[in-house]
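Worksheet: one structure, shown below.
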Amino acid sequence: MYGGTVPALENISFNVPAGRFTVIVGPSGCGKTSLLMMLAGLRAQTQGTIQCLGRPIPQPDPLRVGVIFQEASLYPWLTALENIEFPLSLRGTEKKEHRRRAQAMLELVGLSGFGERYPHELSGGMKQRVSIARGLVQDPPVLLMDEPFAALDEQTRMTMGHELLRIWSTTSKTVVFITHSLTEAVYLADEVLVMSARPGRIIDRIHVDLPRPRSYDMMATDVFGRLRDRIWQQIRKSDA
Amino acid sequence: MKPVTVRRLILISMVILWEWIPRTGLLPELFLPSLSSTLAVLWKDGAIYAHALWVTLYEVALAMVIACGGGILAGAAVGGLARLRILLLPVVSSLYAVPIVILYPVFTAWFGVGSESKIAFAGIYAFFPVMLSTAAGIQTIDPQFLLAARSMGATLPQQIARVIIPASLPTIFAGLRLGGALAIIGVVVSEMLTAAAGIGYLVTLNRTILDSPRVFAAILLILLLSIAYYLLSRAVERRFVVWQSAGKPLQPAAAQSTV
Amino acid sequence: MKIVFARLALLALVLAAWELLPRHGIVNPLLLPPLGDVLAMLGELLQRGQVREALGVSAAEVLLAFVVAVPLGAALGVLIAENDYLGEVFKPMLFIVFAIPKSIFLPMFILVFGTGFQQKVAYAAFTTTFVVLMSAAAAVESVKQDYLLVARSYGATRLQLVSRVYVPSMMPLLLETLRISMIFNFTGVLIAEMYASRTGIGHLIASWGENFQMKQLFAGVVLLAAAAIVFNEAVRFLESRVSAWRT
């Protein structure tokens, strides 16, 4: 801002186990997006080290880490299929091969038949699916997702969350998912990292012991409610 | 009645009136020569008008190089680079308030009565609006686009070629359309004021000798030229920028640049 | 503050170049007289009766054309914005109208009005009306439907809608309309004066140019540019005062 820096994060230290679905939840402005940018190699940390699969990540490495943003950020001049192919075309692999992989991803996210549509012809949920397909097309072992469903209405959010779990279960990827929705956090996660308000610190680590595959009626259970309450209490405490 | 139909009717009735009013003497032929006499003159002096049109088009083309080439690049730079923008944009917006036409006598004094003064004038006349329009357009590009590209491992040349340029196409096309229209206006005005050739010159020349059919023949050509350019650039824009969001608010060519 | 400084520095640089380059012969002083000489000439010109008269004539034309064009254009603009059918019919035509050089109609105005005062006012009013029309239509369309809906749900009458919602909401845009229209108005008057007139500052400038009286020419250019910029900035200032609430 006007000279000087504002610390966004403080004393962050954690391990994300491979193959697990980790959710980071916290109030707005707590620095979760900054954290994700650093994990993706899009921003450099001022102190400390970040290791992904045993190596540092000073700049974006799409073969290791796929990033999915809150705004789908699909390129409006490309069709859905071309958007999914885009990362592949940056590396210059063969065109036929691109098509095949992109088509496979399109089907994986449940949008077969919509490949030739342009982003402005797609709904919010569909755009995010394309964005997810794009993140998956290079088959990175790690997937970072920054509040991807925040711009969607609640019903679509629930459907998309469910879809995401389905897609994830067919792969063995490590997912780090950011949200400010407590329900979404508990529903999706194996482990929830709770962050405080700025400067963000990790104030709790909650293990979600619900069985997989997750289902909607789990949201009505006591276990679910208690987990959610716990997160909420922690966040409120940190605000005080 | 459908709006399109109404417009067509208006157009047709204008053509009919153009022919009919002078004939019936409602307006003297001096004020409004009949369409047929205008077309007759155009046919008869076809070579003269063709040559004049050629001169005008040449001047417009070169003026467009200055205005669109320079304007788009300058606009992209000013719009894209925050420091430049903060420094220069208000200055340019203020300069836009000055009627550029006051510079025309300067250009005729410097470059003479030939094409150079017209090209210089029309070039500058169109430059500022194109620059302002491009600067505004560049700023509407979603900054997330580049972030997404970087996350996918795009190199800088790839970012420019695969993201920035396609994202800028609507703005660039708008700049070309605006620049061309304004270049035509600038050239025509300057040819009417002080010239030795060109369609605008023919308007003035024939006006002073009170040859109305020839004046209107020239006016008709200019009308056709500007309308043709407008329709052509719109068609090209639509064809190439098919993904552009529909339903943009109403904005006149020049007022567009007062962001 | 730094930015204002930088801009002033830029201005100073340009002015310094204008003064020094011709004076030292790097640029031909016959083509571009040094700034000092131009300003001195400007002072001299402002004392001449002929120049003052020309300025008066031009100012009168500008004012009169404006007074005619603004109500006319505003009325038409509001009509097009409010009436969907008329809007659909005429809006596409307006785009084409703006693509046409309106100066081609000057001969017609001259034929009808002669080369005097009325012709210039009529022509300028003609060109300005379209600009006002377009801007007014845009201003009316900019009033958010939500604002109107809220007011109507509280039982606002037509008059109240206009005075309590439309006007305050449109005020910044209205001022901008006036500002932009004046720019075009000014241009229109000058073009008409330069084309076929024996009075007015536009005519003076054109004849100074024809006679290679460069000092006078540049003095006139500086004067008109300054007048335009001052007017523009004054209205911009007003606009910012009125639109503090706008995002």
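Would you call B:Ala67 touching a residue at least 24 places away in the same chain (Cβ under 8 Å) and either in a helix (DSSP H, G or I) or touching a strand residue (DSSP E or B) at 6+ places or on another chain (Cβ under 7 Å) (or both)?
Details: touching a residue at least 24 places away in the same chain (Cβ under 8 Å): yes; either in a helix (DSSP H, G or I) or touching a strand residue (DSSP E or B) at 6+ places or on another chain (Cβ under 7 Å) (or both): yes.
When the stated conditions are applied, B:Ala67 passes them.
Residue by residue, here is whether (1) within 18 Å of the chain's Cα centre (by Cα); (2) buried (at least 18 other Cβ atoms within 10 Å of the Cβ); (3) under 25 Å from C:Tyr123 (Cβ atoms) holds:
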position	(1), (2), (3)
C:Met134	yes, yes, yes
C:Ser169	no, yes, no
C:Arg198	no, no, yes
C:Gly209	no, yes, yes
C:Ser243	no, no, no
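Could you list, in sequence order, the residues of region B:153-186 that are in contact with a Pro (Cβ under 7 Å, 6 or more places away or on another chain) and buried (at least 24 other Cβ atoms within 10 Å of the Cβ)?
Quick first cut of region B:153-186, residues in contact with a Pro (Cβ under 7 Å, 6 or more places away or on another chain) only: B:153, B:178, B:182, B:184-185.
Within region B:153-186, B:Leu178, B:Leu182, B:Ile184, B:Ile185 qualify.
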Open item on the list: Please verify whether B:Ala67 is within 28 Å of C:Val14 (Cβ to Cβ), surrounded by fewer than 17 Cβ atoms within 10 Å (Cβ to Cβ) and away from chain C (no Cβ under 14 Å), treating the condition exactly as stated.
Closed with: no
Open item on the list: So the check is Cβ under 6 Å with 6+ separation or different chains; which pairs have a first residue in region A:110-126 that's among the aromatic types (Phe, Trp, Tyr) and a second one that's part of a helix (DSSP H, G or I)?
Closed with: A:Phe114/A:Ala80
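Anything in region A:123-148 that is assigned to a helix (DSSP H, G or I), among the aliphatic types (A, V, I, L, M) and touching a strand residue (DSSP E or B) at 6+ places or on another chain (Cβ under 9 Å)? List them, or say none.
Of the residues in region A:123-148, the ones assigned to a helix (DSSP H, G or I) are A:124-136.
Then keep just the ones that are among the aliphatic types (A, V, I, L, M); that gives A:126, A:130, A:132-133, A:136.
Correct list: A:Ile132, A:Leu136.
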- [ ] Please work out which one of (1) surrounded by fewer than 24 Cβ atoms within 10 Å (Cβ to Cβ); (2) touching a Lys or Arg at 6+ places or on another chain (Cβ under 7 Å); (3) hydroxyl-bearing (Ser, Thr, Tyr) is the condition B:Tyr201 fails and give its number.
- [x] (2)
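Taking the condition in contact with a Ser or Thr (Cβ under 9 Å, 6 or more places away or on another chain), at pLDDT below 90 and not polar (S, T, N, Q), does B:Tyr125 pass?
No; evaluated as a whole, the condition is false for this residue.
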Open item on the list: Among the residues of region A:162-191, what is the count of those that are assigned to a loop (DSSP other than H, G, I, E, B) and within 13 Å of A:Leu136 (Cβ to Cβ)?
Closed with: 4
Open item on the list: So, in region B:81-127, how many residues would count as being within 23 Å of the chain's Cα centre (by Cα), more than 22 Å from C:Val189 (Cβ to Cβ) and more than 12 Å from chain C (Cβ to nearest Cβ)?
Closed with: 7
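Go through region A:47-66 and give me each residue that's part of a strand (DSSP E or B), more than 17 Å from A:Ile12 (Cα to Cα) and either more than 10 Å from chain B (Cβ to nearest Cβ) or of a type outside the set (Val, Ile, Thr) (or both).
Taking region A:47-66 as the starting set, the residues that turn out to be part of a strand (DSSP E or B) are A:51-52, A:55-56, A:65-66.
Filter again for more than 17 Å from A:Ile12 (Cα to Cα), leaving A:55, A:65-66.
Passing the criteria: A:Arg55, A:Gly66.
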Task: Tally, over region A:23-45, of residues that are more than 11 Å from A:Ile178 (Cβ to Cβ) and either in contact (Cβ under 8 Å) with a residue 40 or more places away in the chain or under 16 Å from the mean Cα position of the chain (by Cα) (or both) - done: 7
Open item on the list: Given (1) part of a helix (DSSP H, G or I); (2) more than 14 Å from the chain's Cα centre (by Cα); (3) closer than 11 Å to A:Val25 by Cα; (4) acidic (Asp, Glu), identify the lone condition not met by A:Asp204.
Closed with: (1)
Open item on the list: Against the conditions (1) within 21 Å of B:Phe111 (Cα to Cα); (2) at the interface with chain C (Cβ under 8 Å from one of its Cβ atoms); (3) surrounded by fewer than 24 Cβ atoms within 10 Å (Cβ to Cβ), where does B:Val189 fall short? Just the number, please.
Closed with: (3)
Task: Of the criteria (1) within 16 Å of the chain's Cα centre (by Cα); (2) more than 9 Å from chain B (Cβ to nearest Cβ); (3) surrounded by fewer than 20 Cβ atoms within 10 Å (Cβ to Cβ), which one C:Glu193 fails - done: (3)
Open item on the list: Go through (1) modelled with pLDDT of 90 or more; (2) within 14 Å of chain B (Cβ to nearest Cβ); (3) farther than 20 Å from C:Phe98 by Cα for C:Gln145 and report which single condition fails.
Closed with: (1)
Task: Residues located in region A:106-122, provided they are more than 14 Å from chain B (Cβ to nearest Cβ) and either part of a helix (DSSP H, G or I) or in contact with a Phe, Trp or Tyr (Cβ under 8 Å, 6 or more places away or on another chain) (or both) - done: A:Leu106, A:Glu107, A:Leu108
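The values are calculated or read from the model by the stated rules, or taken from the named source; none is laboratory data. These figures come from a predicted structure and were not determined experimentally. Note: ideal-geometry Cβ built from the backbone for every residue, glycine included; neighbour counts use all protein chains shown.
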